[in-house]
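Colleague: Sharing a structure with you now.
A short reminder: the numbers here are calculations on the coordinates, not readings from a lab. Owing to the predicted nature of the structure, the values given are computational and were not obtained by experimental measurement. When we count neighbours, we look across all protein chains shown, and the Cβ atoms used for this are built from the backbone with ideal geometry, even at glycine.
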Amino acid sequence: MTTRRSFAVLFAMLVLATAVVVAPGVAGADGYAPLDRPGPALSVPAPLLAASLLCSPGYAAKAHEPILLVPGTTVTPAVEYSWTYERAFNQLGLPWCALTLPRSTMGDAQIAGEYLVYAIRTMHAASGKKVQILGHSQGGMLPRWALRFWPDTRPMVDDVIGMAPSNHGTVDAFALCLPVIGCAPAIWQQETNSPFLNALNSGAETFAGISYTQIYTVLDEVVVPNFNESGSSSLHTGAGAISNVSVQSVCPGHLTDHLLIGTVDQVAFALVMDALNHAGPAVGSRIPASVCGQLFQPGVEPANFAVNFAKTSLYLGTVLATSPHVPAQPPLASYTHA
């Protein structure tokens, strides 16, 4: 009797698990929206969305798929990418657009997600090509919010490349969001296991037809923990093609932190270019050993590095110190619920 009862329980569990897998239109027990529910109308006024996107001249007519640059928390594309990736892409003749998010990417990440939806749709419509998305820190995580809750964007995207992305948050945020004092909305939302991140990662982390390259450093002091592929930045579920790769796996002993990996790091840049120029995500073994001996990524002027890096650091520190605080995490939007 015990054996038959155990078999019956096991069979019931298998049936339930199968039902969840084969019926993506049905919400799981977590109560989040099904994966194929159409996304809501955008709440951000159209003029604000249009003003947020700055593109290189003639980007839509270039043969290469357009690249969308998304900044990290506390910065703008002008602060983070104008002296790094924008210069590099211009030198390589690659088309790009850069997205400026509200309050230097410190506002409600759900609203920032709407800007991603707009950028993806706009770049795809203008170029007739899929979009390749490159983001640092929160900017590496935010595109996944658009893909999770606006399914129409998924066929428009080829790659999602994150440099130290906060896909599963960081324990550091708990020290910043203290009782009574509070913190900026985006910091609340990047706490490990926050409601925002639980909604983001519900159902599936990745989607079919999209390549996900998640680049991280084991020395990350901001997105923590990130010691291996079980860390915050890495992705594991869903039907997308995934590569979780540390810069140290390419160049053993490589020294780089959270800000460096998203601005001037030559190993991260090599992995980014590998993902942009190959079908599928980046493959670490394709990176030549010569990269490990370089000091900066292409586009960075060594003579101006110290000044530009100092300006970036000062800007993000000022924004972090002066950004308005809220006492709690923003409530989840209704569209995230079943």
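Colleague: Express in whole angstrom the spacing between the alpha-carbon centres of the stretch 283-310 and the stretch 190-235.
Modeller: Between the Cα centre of the stretch 283-310 and that of the stretch 190-235, the gap is 24 Å.
Colleague: I've got another one for you. For the chain, return all DSSP H helices satisfying: extent of Cα atoms along own axis at least 18 Å; mean Kyte-Doolittle hydropathy at least -0.5.
Modeller: Helices meeting the criterion: 2-22, 109-127, 305-322.
Colleague: Right, something else. Across the stretch 79-128, how large is the tail of the calculated P(r) beyond 15 Å, expressed as a percent of all Cα pairs?
Modeller: Roughly 56 percent, once rounded to a whole number.
Colleague: No solvent, one uniform scatterer per C-alpha: report log10 I(q)/I(0) for the stretch 130-185 via the Debye equation at q = 0.26 1/Å, two decimals.
Modeller: After summing over all Cα pairs, the log10 values are -1.00.
Colleague: Related question: In terms of Cα to Cα distance under 18 Å, which aspartates and glutamates are near enough to Lys311, apart from those fewer than 8 places away along the same chain?
Modeller: Output for Lys311: Glu80, Glu86, Asp257, Asp265, Glu301.
Colleague: What area, in nm² and to one decimal, does the C-alpha convex hull of the stretch 216-276 cast on average over all directions?
Modeller: Average of the hull's projected areas for the stretch 216-276 equals 4.2 nm².
Colleague: Give me the lysines in straight-line cross-link reach of Lys62: C-alpha distance below 18 Å, same-chain residues under 8 apart excluded.
Modeller: Within reach: Lys129, Lys130.
Colleague: If you take the alpha carbon radius of gyration of the stretch 156-262 and divide it by 2.2 N^0.38 Å, what ratio comes out, to two decimals?
Modeller: In units of the 2.2 N^0.38 Å rule of thumb, it is 1.11.
Colleague: Quick one: give the max-minus-min coordinate of the C-alpha atoms of the chain along each principal axis, largest first, in Å.
Modeller: Per principal axis, max minus min of the Cα coordinates gives 78, 46, 41 Å.
Colleague: Answer with one residue from Ser194, Ala279, Gly262: the one whose Cα lies farthest towards the positive end of the charge dipole of the chain, charges on Cβ with Lys, Arg +1 and Asp, Glu -1.
Modeller: Ala279
Colleague: Additional query: Can you give the net charge of the other residues whose Cβ lies under 15 Å from the Cβ of Ser127, counting K and R as +1 and D and E as -1?
Modeller: In short, +1.
Colleague: Sorted from largest down, what three extents in whole angstroms do the Cα atoms of the stretch 51-204 have along their principal axes?
Modeller: 51, 34, 25
Colleague: What net charge is computed for the residues neighbouring Asp36, neighbours being all others with C-beta under 12 Å from the C-beta of Asp36, Lys and Arg scored +1, Asp and Glu -1?
Modeller: +2
Colleague: Among DSSP beta bridges whose residues both lie in the chain, state the antiparallel percentage, nearest 5.
Modeller: Counting DSSP beta bridges with both partners in the chain, the antiparallel share is about 20 percent.
Colleague: With labels modelled as points extended 7 Å from the Cα through the Cβ direction, what inter-label distance (nm, one decimal) is found for Ser230 paired with Ala310?
Modeller: Distance between label points: 4.3 nm.
Colleague: How large is the charge dipole for the chain, taken about the Cα centre, if only the Cβ atoms of Lys, Arg (+1) and Asp, Glu (-1) carry charge, to the nearest 20 debye?
Modeller: 640 debye
Colleague: Can you tell which of His168, His254, His278 shows the greatest fluctuation in a Gaussian network model of the chain with Cα springs below 10 Å?
Modeller: Maximum fluctuation in the GNM of the chain, among the listed residues, is at His278.
Colleague: Which of Gly238, Leu101, Leu314 sits closest to the plus end of the dipole of the chain, meaning its Cα is farthest towards the positive end, when Lys and Arg get +1 and Asp and Glu get -1 on the C-beta?
Modeller: It is Gly238, whose Cα lies furthest towards the positive end.
Colleague: Based on the alpha-carbon gyration tensor of the stretch 188-338, what equivalent-ellipsoid semi-axes (square roots of 5 times the eigenvalues) come out, in whole Å, largest first?
Modeller: Gyration-tensor ellipsoid for the stretch 188-338: 29, 24, 13 Å.
Colleague: Could I ask something else about it? What list do you get for Ser43, Ser137 if you sort them by fewest beta carbons within 10 Å?
Modeller: In increasing order of surrounding Cβ atoms, one gets Ser43, Ser137.
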